[in-house]
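Participant: One structure coming up, written as structure tokens, with questions to follow.
The values are calculated or read from the model by the stated rules, or taken from the named source; none is laboratory data. Note that this is a predicted model, so its numbers are computed, not measured. Note: ideal-geometry Cβ built from the backbone for every residue, glycine included; neighbour counts use all protein chains shown.
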Amino acid sequence: MTKKLIYIIPVLLASIIGASCKKQLDVKNPNTPTLEVATKTESGIIAFGLGAIYQNGFNGIVDTKYNGSFLGNSFFFLAPAYHELMADVISSEASNNVTNQVGVPDYVILDNGVKITNTAPSTQVLRINNSITKAGNNPLYFEWAWMYFLNNACNNLLSLVDSVKFSGDAASKKNAVKAWGYWWKGFAYSRIGSIYYAGLINDTLDPSNNYTSITSGNYKASADIITQSNAYFDKAIAALNAVTVTADYSAVLKGMIPSFCQTGKGGVLTPAMWIRSINTMKARNLLVNKRAKNMTTADWNALLTLVNSGITSTDLVFTGRTASSNNFFTASGGSVAALATGSPSSTTYKISERLVQDYTPGDKRLANDFVQLAGSAVYINQRGGFTYSTRFRVLDSGGATKTYSAMSVTSKLVGAYELYIASSYEENELMKAEANIKLGNIATGLASVDAVRTYQGAGLAAVSGVITDPLLAYEEVRKERRTGLLFRGLSLYDARRWGVLDDISQGGGRTNCVVISSDGTVNTKATINYNFLDYWDVPNDETTLNPPSASSAPVKNPK
């Protein structure tokens with residue numbers, strides 16, 4: 001059955017006119033010329049591969065009832081922000097898109113024993129707003145919509161590539177396009193399966209219905225969506241292994257990545273580099289979708305096998321940059337990092353005291369990216385959330401002179417901030433660290449932690465060979481995943497799998513926390529009970545128009 005759901009719209013054709021960044025992401029009328037005609041040529045399919053992903057995939061929400069209240073622009077400012085809010089990396093007082101409520105814990109107990117309770121618990125807020133009538137106030141809608149826009153774009157691309165006549169080594173070029181489509185489908189399913197309790201597997205198109213994906217009410221459990229993600233990652237690997245003429249493959253990939261993103265760690269990946277990125281994503285799928293306490297020796301060994309063939313420190317990866325015009329996210333409002341940069345009294349997102357607490361004393365990254373405020377400059381805000389207040393301001397790496405050469409996490413200068421869209425070397429190395437420590441290889445695991453800190457210029461003394469207690473070693477991994485992977489969108493997954501999101505009666509929550517009281521008192525032994533949903537319910541926007549079938553997996557988390 002074919003249904004035209006809110007998230008499924010015709011994929012627009014992105015045409016490259018000239019070679020300038022200004023024109024590279026221009027999106028033209030999909031009906032002039034028609035999709036089939038425009039993508040029959042090599043240049044047409046390459047242009048389509050670029051625009052379908054970066055514009056339609058990451059900026060597909062065009063309905064003003066959903067985007068009219070946006071605080072920023074693009075997928076990267078909002079969907080990852082909900083993750084960071086619930087992981088206590090940032091906070092937000094703005095009511096737009098309900099960002100001010102989803103990350104407020106159930107309660108906090110201060111050092112003096114005073115208990116402050118949240119009268120609007122996060123789970124309750126999410127479910128009250130999970131309605132098709134709530135439009136832009138439904139946090140559960142956005143990531144779902146964006147990722148299915150991306151999936152639909154890939155379906156269109158893959159349906160067209162076999163009809164294109166390529167010059168040079170046609171097979172290598174065709175496999176480059178196929179790997180591109182498979183990779184991004186794997187990415188989309190990975191995000192859906194890693195955050196929603198259930199999802200849809202939409203892999204075919206209906207040409208008679210504006211090339212929308214054919215769907216049904218047969219929702220699949222999150223684990224099945226992750227299986228589908230891995231299946232598409234494997235298809236991407238097969239396509240990459242089939243490339244025989246690297247120059248022709250590279251020419252195609254170069255045309256599908258925005259030129260302004262082909263700098264720093266971003267660029268045209270070799271097939272081998274790309275396969276290593278895929279292995280890291282498959283490792284992520286395994287690690288973040290299973291509780292740490294339930295990981296078996298076989299799981300840790302499987303993870304280690306993947307990361308040992310994962311991203312290296314010299315590999316290029318998929319990153320995003322901004323341009324002066326026609327970019328797919330902006331320098332000042334298109335990312336969580338940008339919207340957290342500046343004085344907390346004026347930024348959309350505020351840095352959490354619990355994040356800063358996780359930096360090791362003497363870490364140059366802390367001095368590089370943050371400044372501690374004092375006196376009246378301390379941000380005291382108890383109006384909407386008792387964990388909002390903070391003493392820390394994020395420095396703009398492009399607008400301030402830095403004392404250290406450590407890697408910076410943000411910049412609001414055009415083209416300066418490097419946004420990691422998918423996997424990275426640091427993520428791979430920290431998964432390697434975690435697996436080794438859990439398998440008893442403590443010195444080897446901590447060597448990976450040291451490697452990440454050296455790579456980012458932390459300036460910290462080595463811990464490998466110094467820390468031998470497995471619990472203390474694991475704590476180094478926990479802290480490093482919080483700080484070394486800041487703004488990479490992984491913190492919520494970690495909080496879930498470590499049990500931090502659970503009710504404190506079930507072993508969840510966090511103790512010995514830094515919390516600023518309404519009178520400015522700095523508590524250092526506070527207890528926080530988050531009690532958040534671990535996996536989100538399917539958006540009501542979807543289930544209203546596409547009701548679950550009798551054989552469907554549950555679409556609501558029983559928690």
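Participant: Determine which member of the set 55, 101, 24 is modelled with pLDDT under 50 and among the polar types (S, T, N, Q).
Facilitator: Values: 55 fails: modelled with pLDDT under 50; 101 fails: modelled with pLDDT under 50.
After applying the criteria, what remains is 24.
Participant: Also, quick follow-up: What number goes with the only condition from (1) within 27 Å of the chain's Cα centre (by Cα); (2) on the phi < 0 side of the Ramachandran plot; (3) not in a helix (DSSP H, G or I) that residue 489 does not pass?
Facilitator: Unmet condition: (2).
Participant: Show the residue pairs that are 6+ apart or on different chains and have beta-carbon atoms under 6 Å apart, the first residue being within the range 164-181 and hydroxyl-bearing (Ser, Thr, Tyr), the second being in a loop (DSSP other than H, G, I, E, B) and modelled with pLDDT of 95 or more.
Facilitator: Correct list of pairs: 172/243; 172/244; 172/245.
Participant: Something else now. Given 117, 133, which one is within 27 Å of residue 345 (Cβ to Cβ) and exposed (fewer than 15 other Cβ atoms within 10 Å of the Cβ)?
Facilitator: Within the list 117, 133, the selection yields 117.
Participant: Separate question: Do we find a residue being surrounded by 22 or more Cβ atoms within 10 Å (Cβ to Cβ) and more than 20 Å from residue 495 (Cβ to Cβ) anywhere in the range 436-444?
Facilitator: Scanning the range 436-444, I find at least one residue that is surrounded by 22 or more Cβ atoms within 10 Å (Cβ to Cβ) and more than 20 Å from residue 495 (Cβ to Cβ), so the answer is yes.
Participant: Follow-up question, since we're still on this one. Within the range 406-420, work out how many residues are in a loop (DSSP other than H, G, I, E, B) and farther than 14 Å from residue 484 by Cβ. Please lay out each step first, then the result.
Facilitator: Restricting attention to the range 406-420, the residues satisfying the condition of being in a loop (DSSP other than H, G, I, E, B) are 406-418.
From the residues that got through so far, the ones that are farther than 14 Å from residue 484 by Cβ too are 410-418.
Here the count works out to 9.
Participant: If you scan the range 445-477, which residues turn out to be within 26 Å of residue 394 (Cβ to Cβ) and buried (at least 16 other Cβ atoms within 10 Å of the Cβ)?
Facilitator: Answer for the range 445-477, where residues must be within 26 Å of residue 394 (Cβ to Cβ) and buried (at least 16 other Cβ atoms within 10 Å of the Cβ): 449, 450, 451, 452, 453, 456, 457, 458, 459, 460, 476, 477.
Participant: Applying the selection to the range 184-242, what residues are acidic (Asp, Glu) and within 24 Å of residue 319 (Cα to Cα)?
Facilitator: Scanning the range 184-242 gives a single hit, 234.
Participant: Oh, and also: Considering only residues of the range 203-236 that are at pLDDT below 95 and β-branched (Val, Ile, Thr), which is surrounded by the fewest Cβ atoms within 10 Å (Cβ to Cβ)?
Facilitator: In this case the residue turns out to be 204.
Participant: List pairs: first residue in the range 248-276 and touching a residue at least 24 places away in the same chain (Cβ under 8 Å) and closer than 14 Å to residue 418 by Cα, second residue in a helix (DSSP H, G or I) and not hydroxyl-bearing (Ser, Thr, Tyr) anywhere in the structure, Cβ distance under 6 angstrom, at least six positions apart or on different chains.
Facilitator: Once the first residue is touching a residue at least 24 places away in the same chain (Cβ under 8 Å) and closer than 14 Å to residue 418 by Cα and sits in the range 248-276, its partners that are in a helix (DSSP H, G or I) and not hydroxyl-bearing (Ser, Thr, Tyr) give 258/24; 259/21; 260/21.
Participant: Sticking with this structure for a sec: Inside the range 99-124, can you point out the residues that are out of contact with any Phe, Trp or Tyr (no Cβ under 9 Å at 6 or more places or on another chain) and closer than 25 Å to residue 61 by Cα?
Facilitator: 101
Participant: Now for a separate question. Considering the range 313-352 alone, what residues qualify as being crowded, with 22+ Cβ neighbours inside 10 Å, more than 17 Å from the chain's Cα centre (by Cα) and part of a strand (DSSP E or B)?
Facilitator: 341, 350, 351
Participant: Being in a helix (DSSP H, G or I) and modelled with pLDDT of 95 or more narrows it down to one of 268, 252, so name that one.
Facilitator: Checking each option against the conditions leaves just 252.
Participant: In addition: Select, from 424, 518, 491, 505, the only residue that is closer than 27 Å to residue 559 by Cβ, touching a residue at least 60 places away in the same chain (Cβ under 8 Å) and either crowded, with 20+ Cβ neighbours inside 10 Å or small (Gly, Ala, Ser) (or both).
Facilitator: 491 is the lone residue from the list that is closer than 27 Å to residue 559 by Cβ, touching a residue at least 60 places away in the same chain (Cβ under 8 Å) and either crowded, with 20+ Cβ neighbours inside 10 Å or small (Gly, Ala, Ser) (or both).
Participant: Now, a different point. Could you check the range 353-369 and list, in sequence order, the residues that are farther than 12 Å from residue 483 by Cα and either among the charged types (D, E, K, R) or within 23 Å of the chain's Cα centre (by Cα) (or both)?
Facilitator: Hit for the range 353-369 is 353, nothing else.
Participant: Contact list please: Cβ distance under 6 Å, first residue in the range 543-559 and in contact (Cβ under 8 Å) with a residue 24 or more places away in the chain and under 19 Å from residue 124 (Cβ atoms), second residue surrounded by 13 or more Cβ atoms within 10 Å (Cβ to Cβ) and of a type in the set (Gly, Ala, Ser), pairs at least six apart or on different chains.
Facilitator: Cβ pairs passing all conditions: 555/198.
Participant: Within the range 533-556, is even one residue hydrophobic (A, V, I, L, M, F, W, C), assigned to a helix (DSSP H, G or I) and at negative phi? Can you show your working first?
Facilitator: Applying the first criterion (hydrophobic (A, V, I, L, M, F, W, C)) to the range 533-556 yields 533, 536, 538, 545, 550, 553, 555.
Add one more test, that the residue is assigned to a helix (DSSP H, G or I), and what stays is 545.
Checking which are at negative phi leaves us with 545.
Checked the range 533-556: at least one residue is hydrophobic (A, V, I, L, M, F, W, C), assigned to a helix (DSSP H, G or I) and at negative phi.
Participant: Take the range 168-193 and flag every residue that is among the polar types (S, T, N, Q) and buried (at least 24 other Cβ atoms within 10 Å of the Cβ).
Facilitator: 175, 190
Participant: What's the number of the condition residue 165 fails, among (1) part of a loop (DSSP other than H, G, I, E, B); (2) basic (Lys, Arg); (3) under 30 Å from residue 98 (Cβ atoms)?
Facilitator: (3)
Participant: Among the candidates 362, 310, which residue alone is surrounded by fewer than 23 Cβ atoms within 10 Å (Cβ to Cβ) and part of a loop (DSSP other than H, G, I, E, B)?
Facilitator: Criteria check complete, one pass: 362.
Participant: Is it the case that residue 431 is among the aliphatic types (A, V, I, L, M) and modelled with pLDDT under 90?
Facilitator: Taking the combined requirement at face value, the residue does not satisfy it.
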